[in-house]
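Working notes, beginning with the structure itself.
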Amino acid sequence: MTGQAAGAPDPRRWKALALLCLAFFMVILDAQIVILGLPSIEEDLGFSAGGAQWVMSAYLLSFGGLLLLGGRSADLLGRRRMFMIGTGLFLVASLLCGLAWSGGVLIGARVAQGVSAAIMAPTALSILMTTFDEGPERNKALGIWSAIGGVGATAALLIGGPLTDGLGWEWIFFINIPVALLLLGLGPILLRESRGDVPERAYDLSGAVAVTAALVLLVYAVVEAPDAGWGDAQTIGLLIASALLFALFVLVENRAASPLVPLRIFRSRTLVGGNLVLAALGMVAFGMSLVVSMYAQQVLGYSALEFGLGTTVMTVMAVIGSTSGQAIVTRTGFRWVAAVGLLLTGAGCLLLTQVSAHGSYLGDIFFGLLIFGPGLGAAYVAASVATLAGVAAGESGLASALNNAAFQIGGAIGTAVVTTVAVSEADGPDPLSALTEGFQSAFAAAAVFSALGFLFAVLLLGKPRGPARMGAEPAGATAD
């Protein structure tokens, strides 16, 4: 769907945006919604100690590893077509997750969910980019989209907790089914087909294999690092192998006639900066959410329902931050919105470093979440808009994939780092106090992630200098 192709904006474009945002919310939600359900899943399906983490990690691994391939497939094969395929697969995978009769089946289904998310997320954002003409309308649409992402990143605990305690952990997956059916029903009505205007529908198979393998090894290395150890031969070997594959990918892309990722896209400083900010933001968002949920349940003794409801303040404030950030970004730019947002997330994490072994929700958690929420919402909006500012429509699927990959891979790294810090610091004669000290150190690590993102925002984000085009193409290229 594209207004430029028809000469006038499509009257259904805002309804299409609502549908696309719903899909994005579901995909972002599923990355973290299992956090509060992991103890119940571990008990019901007989996972070994620590094995239940793969219910979360399997999704991140397949999602982050296949995003670039999913985004480029949308540009080449048709954006609506790939969106519908991804949504159908997500529905089947969610049903299988809820019906899983063993840990292996659940992890396999989560891999399938991640694969479908790697198709859906960049494709949906690519459709948005070709639905709205570049300018104020597209900026507004991107702001709304990014606000949904910021809220989704905080709403997982709020929704996952009550579902786990009220209906059972299976319903954190079953809830996706009516949403996916709605998307499948309305997608053909509200979304029009479009694809990149390229001479041949050719795949850069060598590049796709190299970058997918590199991303999968990178995510696998950081996911396993807390158990294996960061200095272990396995972790180091996987990281080296990933780096070598990334180097091979660059060589392949420089020589390919139809590259998967035309490297000239990285000439855009705002695209690079926005993705680095999103990676740092993913590190702090996933890392903080995991640690605060562990503290609430393991130290304060809250149930999944109690703590899930306790995160309402963070979700509400994320909505406020996202809405305010969207309004400011479309008027003044994204650099300082992102910077201030990251300062707020850092301040929230620093407040949480003061948690105590005999604390309370109001005294130890509430104010940290209150400050963290608006910062996450505002920073996510600003960084997302920055990654897509001035990108040519022919590369919208690719740019959208980079956008999502940065946040998800950042989340995987952040989760691994804070878990390692929490475990390594949790040592002492009093188990509860030692556990709390580990969590304090993990919150401090999350604050460092925020500081890193702040530096990226201040140094790299600025006004775009124009589209990073790899080939001349109007925004509405090849739209049906």
For segment 123-132, indicate whether the set of residues that are farther than 29 Å from residue 376 by Cα, touching a residue at least 12 places away in the same chain (Cβ under 8 Å), β-branched (Val, Ile, Thr) and in the same structural domain as residue 286 (by TED's automatic domain parsing) is non-empty. no
Leading residue by the ranking (modelled with the highest pLDDT) among those in segment 459-472 that are surrounded by fewer than 16 Cβ atoms within 10 Å (Cβ to Cβ) and among the aliphatic types (A, V, I, L, M): 459
Evaluate the following for residue 111: is it β-branched (Val, Ile, Thr) and free of Cβ contacts under 8 Å to residues at least 12 places away in the same chain? no
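Here's the yes/no breakdown for (1) under 23 Å from residue 408 (Cβ atoms); (2) part of a helix (DSSP H, G or I); (3) of a type in the set (Asp, Glu); (4) at pLDDT below 75:
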position: 1; (1), (2), (3), (4): no, no, no, yes
position: 10; (1), (2), (3), (4): no, no, yes, yes
position: 17; (1), (2), (3), (4): yes, yes, no, no
position: 20; (1), (2), (3), (4): yes, yes, no, no
position: 30; (1), (2), (3), (4): yes, yes, yes, no
position: 36; (1), (2), (3), (4): yes, yes, no, no
position: 40; (1), (2), (3), (4): no, yes, no, no
Filter segment 331-365 for residues that are among the hydroxyl-bearing types (Ser, Thr, Tyr) and surrounded by fewer than 20 Cβ atoms within 10 Å (Cβ to Cβ); the one that is modelled with the highest pLDDT is 353
Inter-residue pairs, beta-carbon under 6 Å, first touching a residue at least 24 places away in the same chain (Cβ under 8 Å) and in segment 289-318, second of a type in the set (Phe, Trp, Tyr) and not in a helix (DSSP H, G or I), 6+ apart: 296/302
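Take segment 55-90 and flag every residue that is among the hydrophobic types (A, V, I, L, M, F, W, C) and either free of Cβ contacts under 8 Å to residues at least 60 places away in the same chain or over 18 Å from residue 109 (Cα atoms) (or both).
Across segment 55-90, the qualifying residues are 55, 58, 68, 69, 74, 76, 77, 82, 83, 84, 85, 89.
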Search result, residues across segment 75-104 that are farther than 14 Å from residue 170 by Cβ, among the hydrophobic types (A, V, I, L, M, F, W, C) and in contact with a Gly (Cβ under 9 Å, 6 or more places away or on another chain): 76, 82, 83, 84
Identify, from the list 112, 74, 93, the residue that is of a type in the set (A, V, I, L, M, F, W, C), within 17 Å of the chain's Cα centre (by Cα) and in a helix (DSSP H, G or I). 112
Where residues in segment 174-196 are farther than 25 Å from residue 398 by Cβ and in contact with a Lys or Arg (Cβ under 9 Å, 6 or more places away or on another chain), which of them is modelled with the highest pLDDT? 186
Test for residue 384: is it in contact with a Phe, Trp or Tyr (Cβ under 8 Å, 6 or more places away or on another chain), at pLDDT below 90 and in the same structural domain as residue 127 (by TED's automatic domain parsing): yes
Given the criteria closer than 22 Å to residue 453 by Cβ, in a helix (DSSP H, G or I) and in the same structural domain as residue 454 (by TED's automatic domain parsing), does residue 365 qualify? no
Kindly list, by first and then second residue, each pair from a residue in segment 258-276 that is under 11 Å from residue 406 (Cβ atoms) and in contact (Cβ under 8 Å) with a residue 40 or more places away in the chain to a residue that is surrounded by fewer than 23 Cβ atoms within 10 Å (Cβ to Cβ) and of a type in the set (Gly, Ala, Ser), limited to pairs with Cβ atoms under 7 Å and residues at least 6 apart or on different chains. 271/468
Can you find a residue in segment 214-222 that is surrounded by fewer than 17 Cβ atoms within 10 Å (Cβ to Cβ) and over 18 Å from the mean Cα position of the chain (by Cα)? no
Quick check: anything in segment 399-412 buried (at least 19 other Cβ atoms within 10 Å of the Cβ), modelled with pLDDT of 85 or more and among the hydrophobic types (A, V, I, L, M, F, W, C)? yes
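Yes/no matrix, rows are residues, columns are (1) in contact with a strand residue (DSSP E or B) (Cβ under 8 Å, 6 or more places away or on another chain); (2) surrounded by fewer than 20 Cβ atoms within 10 Å (Cβ to Cβ); (3) more than 23 Å from residue 322 (Cβ to Cβ); (4) of a type in the set (Phe, Trp, Tyr):
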| site | (1), (2), (3), (4) |
| --- | --- |
| 98 | no, yes, yes, no |
| 104 | no, yes, yes, no |
| 118 | no, no, yes, no |
| 127 | no, no, no, no |
Run down 332, 311 and say which single residue is assigned by TED's automatic domain parsing to the domain that holds residue 156 and over 29 Å from residue 433 (Cβ atoms). 332
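The values are calculated or read from the model by the stated rules, or taken from the named source; none is laboratory data. Being a predicted model, the structure only gives us computed values, none of them experimental. Glycine also receives a Cβ, built like all others from the backbone with ideal geometry; neighbour counts cover every protein chain displayed.
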